[in-house]
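Inspection log for the structure reproduced underneath, given as structure tokens.
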Amino acid sequence: MGASPLIEMRDVHLTLGRGPTAVPILRGVDLSVDGGRSVGVIGPSGSGKSTLLMVLGGLERPDAGSVRISGEELTAMDEDALTVFRGRSIGIVFQSFHLIPTMTALENVAVPLELAGVEDAIARARAELAAVGLGERTGHYPTELSGGEQQRVAIARALAPRPAVLLADEPTGNLDDATGRDIIELMFAVQEQRRQTLLLVTHDRSLAARCDECVRMRQGRIDTEVAA
């Protein structure tokens, strides 16, 4: 028997709203991803790509189905347990950087670690910022950083807990082409170095093709799986 997939979704459904305004977003998603693999998620707008990542990140609860990461069933956890698990096991990078404007780059990376009880939070935050090329910018606030630098801070924040899973939702969407390429090169280099499992939502087919696998979503379902 082989090892179980690191990520396993079974018949996952999610509907937003109720009654006549209800909108089905996920309609029976099945997905398995082995540890250390990179998976590109493509599909038209409104197909459920971002919601898929939100469910995997524990930020949206499905109405039905099973979501397991590292052998843990997310749907069985209460909010406190889910918060702890997410802080330890899942890193998330959004299209919008979601940095706290009143905190320096170092504080943006260190504070979530401190809240999670990591003893060497400041030292680890410094190391992660250095790893993404911002060792000299730790004392700068988000408004003092370029878009690419802000996204590097966001990546450092996501990587700092050393999660098993990294979720990225259009991470280059707010960046110019050259900066976006730099960010993608950084993410793939880190993923390969640390052997993390990466799910990358993107509208860019050539970018998705760089992943080990590619899945296509359509109308809330995994439409087909294609070899990247």
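The values are calculated or read from the model by the stated rules, or taken from the named source; none is laboratory data. Everything numeric here is computed off the predicted structure, so don't read it as measured data. Cβ atoms come from the backbone with ideal geometry, glycine included; neighbour counts cover every protein chain shown. Just the protein is used for accessible areas: all its heavy atoms, side chains included, with ligands, DNA and RNA removed. Shrake-Rupley method; radii C 1.70, N 1.55, O 1.52, S 1.80 Å.
Quick notes on this one:
- Rolling a 1.4 Å probe over the heavy atoms of the protein chains gives the chain an accessible area of 49 Å² per residue.
- Reference-scaled alpha-carbon Rg (2.2 N^0.38 Å with N residues) for the range 107-190: 1.05
- Relative contact order [Cα under 8 Å, 6+ residues apart], the range 149-228, whole percent: 24
- With 5 Å bins beginning at zero, the pair-distance distribution over Cα atoms of the range 19-163 amounts to 2, 9, 17, 18, 17, 15, 12, 7, 3, 1, 0 %.
- Its Cα gyration tensor gives the range 175-228 an equivalent ellipsoid; the semi-axes, largest first and in whole Å, are 22, 15, 9.
- Across Met9, Met54, Met77, the residue with the most accessible area heads the list, and the full order at a 1.4 Å probe is Met54, Met77, Met9.
- Highest-first packing order for the peptide set 196-202, 158-164 is 196-202, 158-164, based on the mean count of other beta carbon atoms within 10 Å.
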